[in-house]
Every structure is written in structure tokens, then in C-alpha cells.
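Let me begin by presenting the structure, written as C-alpha cells, before commenting on it.
Derivation of every value follows stated rules applied to the coordinates shown; laboratory data play no part. The structure presented is a predicted model; accordingly, all values stated were derived computationally and were not measured. Virtual Cβ from ideal backbone geometry, glycine too; neighbours counted across all protein chains shown.
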Ligand code: NAD
Ligand code: TYD
């Protein structure tokens, strides 16, 4: 087995940040991505002439393709980022979430199981399958509840969360039933470079710059726990190399914020870095109809990964969000490329029924 890592979904937001870091550590990165609306090869433009990055356009549910790739490249590690990932889309059209996050996941696991079972004993022992998941599988917290630990029961509330919960259960079952050396990570909300502008932070930044309304669902008091994407990638790499097989690790940076606070922070940084002609960007804020079934609060108890693996985030919310705003301001070309026809029609679907 050579020094190859198979990354699925490596052209998406977190996957591309991970691939860029992983390449710097040596070895071959085989990147399998379907290039859905959320996949964007321009995230990896800096790797165009990098021989150690091999991109394959394909689906995690394509068993023939997977079989060929696994037998040709013999990866020692597989990190699975590939998924449909946006809650609002899962509310409007859950089918794709079932297809990729559950059926695709099953097909991927089946091919990986066959591949792994045929490895020699040393390679079998060294092999790892790391599944990247979300804190949304745990459901919603009340204001006084302790943050989600790895022991919390799964109580997914959106089609997205339910599909990710299903994928986590499949991974668990493949470990317990077949002995596949799996690891699962459940992370809080990420932000940073290359995030598709349908998610709160890039959406608000873009709308602000374009003079459009900044839509906050409900009263803006829903809470998310924010982590800078590169800190998530570092955590994944720690779990990949030193995590205990069969375990799950919650990843978060102890950064609970209401949505209103996040949007205010973004407006204040923009006021400083790119002021409007008159007044603050806060004037563009509009409260819109709430998301159906909107989870009130997510928060991650990250003590297990901190204590077992010594991982800690490098960025506070204040430093990470500043870096992120600067990145978007410096990369408006990337944004223009991403804001394609498909994205515009999604915005129309999601927001025309809301009372802006
Ligand atoms: P993203 O939507 O930006 O990227 C997903 C990538 O997967 C895209 O490149 C897409 O083309 C690819 N993809 C989708 N379906 C595929 C398929 N069938 N076969 C191959 N590739 C496919 O998502 P993201 O925000 O980068 O999230 C990556 C992973 O991390 C997801 O599994 C998500 O559930 C999880 N996660 C995300 C967050 C977050 O805040 N964004 C937090 C915790 C966990
Ligand atoms: P989002 O970025 O979609 O991530 P998730 O739903 O996975 O947490 O949303 C983050 C929070 O921001 C969530 O509570 C919903 C809220 N939100 C808005 O208030 N307005 C928006 O336009 C979007 C996209 C999200």
C-alpha cells in the first residue's frame, strides 16, 4: 500500500481546505468529487500543476468507479467529506440528501469493505476510514442544556441531519459488524475561505456588498457554535493519525453565538474595511420568515478530542471571522465565478416565499 489518501468531496468548502493542507504534508491525494453545485475546482486552482493531486470527477455511489480507484491507488486512508450539506436545500428537496448521504454512503462503505478485507494483515491494521459528520445529528439544545458530548442520543430534526445521522449509523455498523477501522467526527458550524454563498456567513457578506437585504431567520436568537475551517481540518488530521479506531470525536471551538450577533459582527467588520457611502451595513438587516423546524441551539463539548489528542483551535471567533471577511474581500473573482445561474435560481426558490 502506498502513501495515498482518498478524499471524497475534496472540491467542496471543507474538503478543498483539507486537500490544500494535506498536499503540503507529502504523499498523493486522490480527490473524488461529483462537482455538484457546491463543488468547485477553482478552490484547488493552486494545485493545477501539482502531480500529487489527482482529481477524479465521479460519484461516491458509483461502485465500479470506486473499485477501480481503490485497486489502482491502494489508499491507506479515506476521508469522506462528500455530502449534500445545506439544511435549507434539504427542506425544499430532500431526495438528493437521501441519495448521496445514505445510498451513496452505503455504496462507498460496501466497496471499501471489500477492498479492506482483501488487504494483507499489516495494511489492514494501518487502514483508516474517517467519516466527516456534523453536530446537527444530535438535534437541538435548550438554553441551559450542556453542550453535545459524544454520548448524546441522536435526535436529527432536518432531512439533512437525518441523512447524516443515517450515514454515521452505517459507519458505526461497518465497524462493529465487519471490523472496518472507522473514525467519525461530528463538528460544529464551519466558516472560512471557499464556503459556498448559500450558508449564513458568505451569504451575508455578499448581500452586504451588493446592497441587498441581509436575511435573518426568525428573531435571530438561534445559536450556532462556530469553528474556523482550518481548525476543523487540523482536528481531522489529528483524528486520522491518532484517533482510536471505532470512536467518534466531537469537534468545536467553544464559540456559541446568536445569528444576530454573527451578522452584527460581519456588518461591523465591513463598516471598518469597506464602509458604505452612508450609514452602517446593519441597516440592510431584515428579519424574514423562520426556517421550518429551525433548531434553536447547537454547542459542542470538545473535551474528548482536547484531552485524548491534545487538539485545540488556533483561531478565536474574533480572529477567524476577520480573516474570513478579508479573504472574501480579496477574492471577489472567486465569488463571481461561484455565483452561477444555478445559485441564482436557488436563491429565488429559497427566498421568494419569505417575507423580506
Ligand atoms: P459542501 O457542500 O461545500 O461540499 C460537498 C462536496 O461534496 C462538494 O464538492 C460536492 O460536489 C461533493 N459531492 C456531493 N455529492 C457527492 C457525491 N455523490 N459523490 C461525490 N462527491 C459529492 O460541504 P462542506 O460544507 O464542505 O461539508 C463537507 C462535509 O462536512 C459534509 O459531509 C458535511 O456534512 C460536513 N460538515 C459540514 C459542516 C459545515 O459547517 N459546513 C460542519 C460539520 C460537518
Ligand atoms: P447555515 O449557514 O445554513 O448552517 P446550519 O443550518 O447548518 O446551521 O445557517 C446558520 C444559521 O443561520 C442557522 O441558524 C440558520 C441561520 N440563517 C439565517 O438566519 N439566514 C440565512 O439566510 C441563512 C442561510 C441561515
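Gyration tensor over the Cα atoms of the range 145-212: the corresponding equivalent ellipsoid has semi-axes (square roots of 5 times the eigenvalues, largest first) of 33, 14, 12 Å. Taking the empirical scaling 2.2 N^0.38 Å for compact globular proteins as reference, the chain has a Cα radius of gyration ratio of 0.97.
Residue order for 110, 318, 238, fewest other beta carbons within 10 angstrom first, comes to 318, 110, 238.
The relative contact order of the chain, computed from alpha carbon pairs under 8 Å that lie at least 6 residues apart in sequence, is 17 percent. Angle between the Cα long axis of helix 341-351 and the longest principal axis of the chain, 0 to 90 degrees, nearest 10? Helix 341-351 and the main axis of the chain meet at about 60 degrees. Measure nothing fancy, just the Cα-based angle from helix 229-242's long axis to the longest principal axis of the chain, in degrees from 0 to 90, nearest 10. Orientation of helix 229-242: about 20 degrees from the principal axis. Give the angle, between 0 and 90 degrees and rounded to the nearest 10, that separates the Cα long axis of helix 63-73 from the longest principal axis of the Cα atoms of the chain. Between helix and principal axis, roughly 70 degrees. Ordered by the count of other Cβ atoms within 10 Å of each Cβ, fewest first, 316, 167 give 316, 167.
Here the range 1-67 was treated as a single set of alpha-carbon atoms; its pair distances binned every 10 Å from 0 give 22, 57, 21, 0 percent. Residue order for 118, 277, fewest other beta carbons within 10 angstrom first, comes to 277, 118. For the chain, the share of DSSP beta bridges that are antiparallel, to the nearest 5, is 10%.
What separates the Cα centres of the range 265-334 and the range 59-116 is a distance of 30 Å.
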